[in-house]
1. Where residues in segment 38-56 are touching a helix residue (DSSP H, G or I) at 6+ places or on another chain (Cβ under 7 Å) and outside any loop (DSSP other than H, G, I, E, B), which of them is nearest to Arg20 (Cα to Cα)?
2. List the residue pairs whose Cβ atoms are under 8 Å apart, where the first residue sits in segment 67-84 and is within 14 Å of Ala56 (Cα to Cα), the second is of a type in the set (Phe, Trp, Tyr) and at pLDDT 80 or above, and the two are 6 or more positions apart or on different chains.
3. Somewhere in segment 57-68, is a residue closer than 29 Å to Lys22 by Cα, at pLDDT below 85 and in a helix (DSSP H, G or I)?
4. Taking segment 33-56 as the region of interest, how many residues are surrounded by 13 or more Cβ atoms within 10 Å (Cβ to Cβ) and among the hydroxyl-bearing types (Ser, Thr, Tyr)?
Amino acid sequence: MYLRMDRPTTVTGSRQKSARRKLAADLIGARSEQVAFTRNTSDGLSTVANGLSWRAGDNVVTFQNEFPSNIYPELRLHEGLLALRFVCPGNATGESVPKS
C-alpha cells in the first residue's frame with residue numbers, strides 16, 4: 001500500500017497525517033499506533049530488522065529474487081547470526097522450494 005505522506009508542518013498537516021494513519025490502520029485491521037510511515041520500503045524493512053531482538057539461529061525467509069536493498073539489513077545480520085533462506089515462487093501445487 002502506498003500513501004503519500006508529506007511532512008506535516010502545521011496543525012492541519014498533523015491532523016491529516018493522523019487521519020491517514022487511521023485510514024491505513026482500518027484498511028489492514030490494526031490500531032493507528034501500530035502504523036508507521038517510512039520514506040520507502042527499504043527504510044521500513046531496515047527499521048524493523050534493526051529493531052528486533054535477533055538470536056543466533058533465527059531464520060529469515062525471503063524470495064529468491066528479492067530487490068537487493070530490501071534484504072541488505074538481513075544480509076548484514078546474516079554474518080554469524082541468522083539463517084538466511086531464499087525461496088522461489090511456488091510450483092503448481094503451491095509449495096515453496098528452497099534455493100540450493
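1. Checked segment 38-56; the qualifying residue nearest to Arg20 (Cα to Cα) is Thr41.
2. Hits for this filter: Leu77/Trp54; Leu81/Trp54; Leu82/Trp54.
3. no
4. 4
The values are calculated or read from the model by the stated rules, or taken from the named source; none is laboratory data. Only a predicted model underlies this, so the values are computations on that prediction, with no experimental measurement involved. Cβ: placed from backbone, ideal geometry, glycine included. Neighbour counts: every protein chain shown.
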